[in-house]
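Please read the structure below before turning to the comments.
The values are calculated or read from the model by the stated rules, or taken from the named source; none is laboratory data. Everything numeric here is computed off the predicted structure, so don't read it as measured data. Because the Cβ atoms are built from the backbone with ideal geometry, glycine has one as well, and the counts that use them run over all protein chains shown.
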Amino acid sequence: MAPISATSSASELPTIKTFAEFSQRVDYSLMDSLQADPQSTGNGHDHHYRQVFSGHYVPVTPTAIPAPEYIAHSKILFNELGLSHELALDEQFRRLFSGDITVAQEPMRPVGWATGYALSIYGTEYIQQCPFGTGNGYGDGRAISVFEGLFKGRRWEMQLKGGGPTPYCRGADGRAVLRSSVREFLVQDYMQALGVPTSRSLTLYVSRSETVRRPWYAENSKSIDPDIMVDNPVAITTRVAPSFLRVGQLELFARRTRSNAHQGALNELRMIVKHLIERNYQQVIDQRLAFSDQVIELAYLFRGRLTSLVANWMRVGYCQGNFNSDNCAAGGFTLDYGPFGFCELFDPRFQPWTAGGHHFSFFNQTVAAEANYQMFSTAIRPLLADNTEALARLDQIRDGFAEFMSQEMEAMWAKKLGLISYDATLVDELLQLMVLSKVDYTIFFRKLSQIPDLLTDLKESFYSPSSEQVDARWSSWLQRWRDRITSCGDIRVTSAAMKRINPKYTWREWLIAPAYKNAEQGDYSLIKELQVVFSNPYEEQSLELEKKYDRLKPKDFFNAGGVSHYSCSS
């Protein structure tokens, strides 16, 4: 049976009930249309770190975790893909997505693939993280794609996080611990439910016999950096996306082009950009256009996706923590959930990752996005070198990023406040008052969505009492805001609209930590409970769940290592 065409009607596709049926969906566009590293092995036994000088990917086999045990799967994504839920417990399916690719059935291939990419931080290229000092050892150190296929007419790539070492592992073990795997598994479904573009979660399996030692925080630690070594169960979560192409990948091929690293460098850059268009922009970029025009359309569309993405992050209180170019998906969605966090106590400088610095803090994400976009536009520039007009258009799009980002942010703030149009004075004063009163970001905006008459209703979101002087400022602001709301129409309609923008339930690390701690003991009930809560973050849920998940952060968790802040040891 040949792979199903991308033009097939979704209504013609039955639920996929067996691993054999699943395997028939495979369609390797990346491996079929791009070039493998010429120094790679055909069998994929390529697990020691080394320099990779050319090629778009390295064929590599994942390293299976021993004695894999099922924890959870995304019911939402399974339904979207047309997969039977029983598949998550199927032995061959479980073995594949816990790293054992020997179960691959034709037309599947018995190898996966890992990709290299470059690193830039705020528009500056770095090679210090590469053990060879060249940048040729930087890439997917423990992320291995094992499947790419068509489901209900859409192309999806499935990638194991923690699937073992690759040539890009830089000497590490290629494993992911249960703690970080639970976090990534849960947050991708949560972000999807929030309406924020994101990679997706498929499955989560843990090994009951393999552990790795990592630095982490002692119980009740107030340390900034991890202060103990901990033995952690290893796990594999499978993340899913239309592609995992990153800005950093384009940078890698552009760098090789600029330095004339090899004869085919420019062609490899052209191939990866063409592949990006086919994988992530096929529906919106006319393939009949001249390639230079397609590249310009790509630059324009990616700008729109990236600015919209970051505005959505700000809307829901998400902080990426480490928004380097290698963590910036060229398809315009959230990728790589490592040092992320969600703002509880409102602080524009909120940064959960101890190594992230102020430059990657909550309110600086718009600036980080612009720096990544600058690197993106620089990377595609060699493809337009002989086209003066196209280069001018590219520069115009690039130079307009800040204004475009500002427009997206203004529209976002207007929607959060239920306004027809943005009011800078109203928003600026509100943000100042939120800092002064130490409000909880999510609870405050949800309370505001009720369009309260009295300040006392909003005070339920305050972490500390406010002074009479500050209360007077709040009352004045609230009255002016209500006047704007009431002048624009029915406040019940406005309130309902605001509740669709401002979630009821947010990610609170102190409520996530017990889930992965219990999972270490084989108790997965809290993970299942969080899946339910996070699947409907805008909806009112049971009183029991509301009392548990819709509340202020307890004082004991402020400045708590592993909860209020954490390293990226995963």
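The criterion of being free of Cβ contacts under 8 Å to residues at least 24 places away in the same chain, part of a helix (DSSP H, G or I) and either in the same structural domain as residue 187 (by TED's automatic domain parsing) or farther than 20 Å from residue 404 by Cα (or both) holds for residue 294. When the criteria are applied in full, residue 71 meets the requirement of being modelled with pLDDT of 95 or more, part of a strand (DSSP E or B) and in contact with a helix residue (DSSP H, G or I) (Cβ under 7 Å, 6 or more places away or on another chain). Of 203, 166, all but one fail to be crowded, with 23+ Cβ neighbours inside 10 Å, farther than 27 Å from residue 515 by Cα and in contact with a His (Cβ under 9 Å, 6 or more places away or on another chain); the exception is 166. Among the residues of the stretch 3-42, write down those that are at pLDDT below 55 and outside any loop (DSSP other than H, G, I, E, B). Those that are at pLDDT below 55 and outside any loop (DSSP other than H, G, I, E, B): 10, 11, 12.
Looking only at residues of the stretch 218-267 that are part of a helix (DSSP H, G or I) and small (Gly, Ala, Ser), we find that the one that is surrounded by the fewest Cβ atoms within 10 Å (Cβ to Cβ) is 265.
Note on the stretch 296-336: residues that are modelled with pLDDT of 95 or more, within 11 Å of the chain's Cα centre (by Cα) and closer than 21 Å to residue 279 by Cβ total 8. Going residue by residue through the stretch 398-407, is there one that turns out to be within 30 Å of residue 558 (Cα to Cα), surrounded by 14 or more Cβ atoms within 10 Å (Cβ to Cβ) and at pLDDT 95 or above? No, every residue in the stretch 398-407 fails to be within 30 Å of residue 558 (Cα to Cα), surrounded by 14 or more Cβ atoms within 10 Å (Cβ to Cβ) and at pLDDT 95 or above.
Are any of the residues in the stretch 142-164 out of contact with any Cys (no Cβ under 7 Å at 6 or more places or on another chain), small (Gly, Ala, Ser) and within 17 Å of residue 329 (Cα to Cα)? For the stretch 142-164, residues out of contact with any Cys (no Cβ under 7 Å at 6 or more places or on another chain), small (Gly, Ala, Ser) and within 17 Å of residue 329 (Cα to Cα): present. Within the stretch 453-469, the set of residues being buried (at least 16 other Cβ atoms within 10 Å of the Cβ) and at pLDDT 95 or above comprises 455, 458, 459, 461, 462, 463.
Note on the stretch 393-500: enclosed helices (runs of 4 or more DSSP H) holding 2 or more residues that are in contact (Cβ under 8 Å) with a residue 60 or more places away in the chain are 401-416, 424-436, 441-448, 468-487, 491-499. Checked against (1) among the small types (Gly, Ala, Ser); (2) more than 24 Å from residue 348 (Cα to Cα); (3) buried (at least 18 other Cβ atoms within 10 Å of the Cβ), residue 437 meets all criteria but (2).
For the stretch 339-360, filtering for residues that are over 15 Å from the mean Cα position of the chain (by Cα), in a strand (DSSP E or B) and of a type outside the set (A, V, I, L, M, F, W, C) leaves 0. Looking across the stretch 302-318, the residues that are in a helix (DSSP H, G or I) and out of contact with any helix residue (DSSP H, G or I) (no Cβ under 7 Å at 6 or more places or on another chain) come down to 304, 305, 309, 312. Filtering the stretch 87-145 to residues that are aromatic (Phe, Trp, Tyr), outside any loop (DSSP other than H, G, I, E, B) and touching a Gly at 6+ places or on another chain (Cβ under 9 Å) leaves 113, 126. For the stretch 365-392, how many residues are of a type in the set (Gly, Ala, Ser) and free of Cβ contacts under 8 Å to residues at least 40 places away in the same chain? The number of residues fulfilling the criteria is 2.
The single condition among (1) part of a helix (DSSP H, G or I); (2) farther than 30 Å from residue 180 by Cα that residue 285 does not meet is (1).
Scanning the stretch 455-481 for residues that are closer than 22 Å to residue 499 by Cβ, in contact with a Leu (Cβ under 8 Å, 6 or more places away or on another chain) and not hydroxyl-bearing (Ser, Thr, Tyr) yields 455, 458, 474, 477, 478, 480, 481. Only one entry in 378, 388 is at pLDDT 95 or above, at negative phi, surrounded by fewer than 17 Cβ atoms within 10 Å (Cβ to Cβ) and among the β-branched types (Val, Ile, Thr), namely 388.
The set of residues in the stretch 146-192 being of a type in the set (Ser, Thr, Tyr) and assigned to a strand (DSSP E or B) is empty.
Among the candidates 76, 127, the residue that is surrounded by fewer than 21 Cβ atoms within 10 Å (Cβ to Cβ), among the aliphatic types (A, V, I, L, M) and out of contact with any strand residue (DSSP E or B) (no Cβ under 8 Å at 6 or more places or on another chain) is uniquely 76. Tell me yes or no: at least one residue of the stretch 234-247 is modelled with pLDDT of 95 or more and in contact with a Cys (Cβ under 7 Å, 6 or more places away or on another chain). Yes; the residues of the stretch 234-247 include at least one that is modelled with pLDDT of 95 or more and in contact with a Cys (Cβ under 7 Å, 6 or more places away or on another chain). Against the numbered list (1) in contact with a Cys (Cβ under 8 Å, 6 or more places away or on another chain); (2) farther than 27 Å from residue 446 by Cβ; (3) surrounded by fewer than 23 Cβ atoms within 10 Å (Cβ to Cβ), residue 297 comes up short only at (1). Filtered by the rule that a residue be surrounded by 15 or more Cβ atoms within 10 Å (Cβ to Cβ) and acidic (Asp, Glu), the stretch 470-508 gives a lone residue, 471. Beta carbons closer than 9 Å, at least 6 apart along the sequence or on distinct chains, pair a first residue in the stretch 95-109 that is among the aromatic types (Phe, Trp, Tyr) with a second that is part of a helix (DSSP H, G or I) and modelled with pLDDT of 95 or more for 97/88. Considering only residues that are within 27 Å of the chain's Cα centre (by Cα), more than 14 Å from residue 101 (Cβ to Cβ) and hydroxyl-bearing (Ser, Thr, Tyr), look in the stretch 13-47 and name the one that is surrounded by the fewest Cβ atoms within 10 Å (Cβ to Cβ). That would be 33. Name the residue that is farthest from residue 351 (Cα to Cα), counting only residues in the stretch 543-554 that are within 29 Å of the chain's Cα centre (by Cα) and exposed (fewer than 13 other Cβ atoms within 10 Å of the Cβ). Out of the qualifying residues, it is 547.
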